[in-house]
1. Residue by residue through segment 11-37, note down the ones that are surrounded by 10 or more Cβ atoms within 10 Å (Cβ to Cβ) and assigned to a loop (DSSP other than H, G, I, E, B).
2. Among (1) in a helix (DSSP H, G or I); (2) at pLDDT 95 or above, where does residue 40 come up short?
3. Give me the pairs: first residue in segment 2-21 and without any contact (Cβ under 8 Å) to a residue 12 or more places away in the chain, second residue assigned to a loop (DSSP other than H, G, I, E, B), beta-carbon distance under 6 Å, and six or more apart or on different chains, which are they?
């Protein structure tokens, strides 16, 4: 690939996977939530996201 494209990866490959469900603001919220409550379980984080950020 280095010889063909001048880069170690293939620039013609399309990205894989799903679109992200969370944006940067949601991720910042989770980080602040965990800093304040480091022992939260995943279901509790999900409940907070649903209530505060309308993320399901």
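1. 22, 23, 37
2. Unmet condition: (1).
3. What qualifies is 2/8; 5/11; 10/1.
The values are calculated or read from the model by the stated rules, or taken from the named source; none is laboratory data. These figures come from a predicted structure and were not determined experimentally. Here the Cβ is made from the backbone with ideal geometry for all residues, glycine too, and neighbour counts use every protein chain on show.
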